[in-house]
């Protein structure tokens, strides 16, 4: 209602004018605004987990809720009209962070930050907050909302530290594994060199006609040869187990028919001098059904089991290799009537370095690697292996199950060793070990080859430049210029661009073989090396000879 005086034309008050206006909508809007403001005040005061602060245009506090008191430790009276500089750590104040926060809010419409702040008592805590400008037509201040995130920050730091520690531990473990792998490779190389020397010398002596007439010498040569190969097998098992444990053992899978593979292996075991007083038999069959397997590794499994049976079966005993088809699997049983296994040791037969006797009393050699390797190789083929024994003195049966291949396939046969394929070949042999080189030369010459020897890569290049050769055999580890670089130099000669080359080294890891292949070598032979193995390689490299 509005009341005004009524004036006449003579400018005399002659009454009053009363005017009424309907202000219902305005009154409702005012009440709603007051209620909304009250609710917002109530929310701000009730939000004890959040600090809600308003600032004027100069950045001075105009309101300070209970959450801000709890978070920062200052009361509303202490902060009223004050700036927020005292809440920031000294290093942030020195770098102008408080002013920058207001500037970003004003220019960008908001300023988010996560940083360490100070409480009234001087303690630090990690705070997450956002500052926004306040507008009511015109700019007139700021609002800041913040929350204590110290626990989250510390958990994040702890997770980062744990992850960093885990990565460090993993890196250290990988480095240790790589060092161990390298150590085993170097150890293998150093051990194989003297074994190679022994083996080559025995091969040379056993081919001399005057010595072949002596049964005593031939028996001694056979013992030495078997001992060398036994030690070489231990080294191979160590390297294979290392490759299995580090995931570096690769398999060349193909359909393999065990019906044709196992009888030949049993025949080979029967001819082993260690099995001369044993009855070694093969029985059963798998109906010609193939398994998908690496034929070399399957031979390794069966030979390990056969060697184990021969080792622990006394003279007059019997060993049986039985093959059978069981559903979707093929089963191989290697049974013997030998020493047997104590019940307490059965669960540990396939453990690494497992031995059923004390070191000071056991009569058989070995490191306890063979059976552990059998289990790992069979597992890589998707199969399983078990052992059964009724006790000491009652023999044992080792069983291997392998999954069948999906379709029928021809057998993967072993390479026919044939006769001597070195006769008439012109061979260059390069090795910095002169004593081994001369013996190896003599051995190859007894096989009918013409041999040129060189004790260094440079000497080998000199031979290639003046002589025509059919085959290059080179050591890898040589001073000044190694075998890889030597082959690269040799390939640069037009007449040697396609020359077959064989790398001979004690380093027999898959990576070493792959590196030799990548360098251009046609084949890789590990030490100790035999003429029979060299013949087989030459037969593959020079199939059209003769």
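The values are calculated or read from the model by the stated rules, or taken from the named source; none is laboratory data. All of these numbers come straight from a predicted model, not from anything done at the bench. Here Cβ is always computed from backbone atoms with ideal geometry, including for glycine, and neighbour counts include all displayed protein chains.
Listing for the model above:
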quantity: Filtered residues of the range 65-96 (kept if touching a strand residue (DSSP E or B) at 6+ places or on another chain (Cβ under 6 Å) and closer than 20 Å to residue 126 by Cα); calculated: 65, 67, 68, 71, 87, 89
quantity: Enumeration of residues in the range 489-514 that are at pLDDT 85 or above and either in contact with a strand residue (DSSP E or B) (Cβ under 8 Å, 6 or more places away or on another chain) or part of a helix (DSSP H, G or I) (or both); calculated: 489, 490, 491, 494, 495, 496, 499, 500, 501, 502, 503
quantity: Residues of the range 265-294 classified as in contact (Cβ under 8 Å) with a residue 60 or more places away in the chain and either part of a loop (DSSP other than H, G, I, E, B) or surrounded by fewer than 20 Cβ atoms within 10 Å (Cβ to Cβ) (or both), total; calculated: 4
quantity: Residues of the range 470-486 satisfying the condition of being part of a helix (DSSP H, G or I), in contact with a helix residue (DSSP H, G or I) (Cβ under 6 Å, 6 or more places away or on another chain) and buried (at least 22 other Cβ atoms within 10 Å of the Cβ); calculated: 486
quantity: Test: residue in the range 27-44 that is touching a strand residue (DSSP E or B) at 6+ places or on another chain (Cβ under 6 Å) and modelled with pLDDT under 90; calculated: yes
quantity: Of all residues in the range 146-179 being surrounded by 11 or more Cβ atoms within 10 Å (Cβ to Cβ) and under 24 Å from the mean Cα position of the chain (by Cα), the one that is nearest to residue 116 (Cα to Cα); calculated: 174
quantity: Test: residue in the range 325-333 that is crowded, with 20+ Cβ neighbours inside 10 Å, free of Cβ contacts under 8 Å to residues at least 60 places away in the same chain and under 25 Å from residue 403 (Cβ atoms); calculated: no
quantity: In the range 249-264, the residues that are assigned to a helix (DSSP H, G or I) and either free of Cβ contacts under 8 Å to residues at least 24 places away in the same chain or surrounded by fewer than 14 Cβ atoms within 10 Å (Cβ to Cβ) (or both); calculated: 263, 264
quantity: Only listed residue being assigned to a loop (DSSP other than H, G, I, E, B), farther than 23 Å from residue 441 by Cβ and at pLDDT below 85, chosen from 528, 543; calculated: 543
quantity: Close pairs (6 angstrom Cβ cut-off, 6 or more residues apart or separate chains): surrounded by 10 or more Cβ atoms within 10 Å (Cβ to Cβ) in the range 24-47, assigned to a helix (DSSP H, G or I) and modelled with pLDDT of 65 or more anywhere; calculated: 45/66; 47/67
quantity: Enumeration of residues in the range 295-324 that are crowded, with 17+ Cβ neighbours inside 10 Å and farther than 23 Å from residue 375 by Cα; calculated: 317
quantity: Members of the range 49-67 that are touching a residue at least 60 places away in the same chain (Cβ under 8 Å) and outside any strand (DSSP E or B); calculated: 49, 56, 57, 59
quantity: Residues (surrounded by 13 or more Cβ atoms within 10 Å (Cβ to Cβ) and either part of a helix (DSSP H, G or I) or not assigned by TED's automatic domain parsing to the domain that holds residue 56 (or both)) located in the range 69-84; calculated: 69, 70, 71, 72, 76, 78, 79
quantity: Whichever residue in the range 433-469 is touching a helix residue (DSSP H, G or I) at 6+ places or on another chain (Cβ under 9 Å), assigned to a loop (DSSP other than H, G, I, E, B) and touching a residue at least 40 places away in the same chain (Cβ under 8 Å) and, among such residues, is nearest to residue 533 (Cα to Cα); calculated: 447
quantity: Total residues in the range 90-105, condition closer than 17 Å to residue 147 by Cα and exposed (fewer than 14 other Cβ atoms within 10 Å of the Cβ); calculated: 0
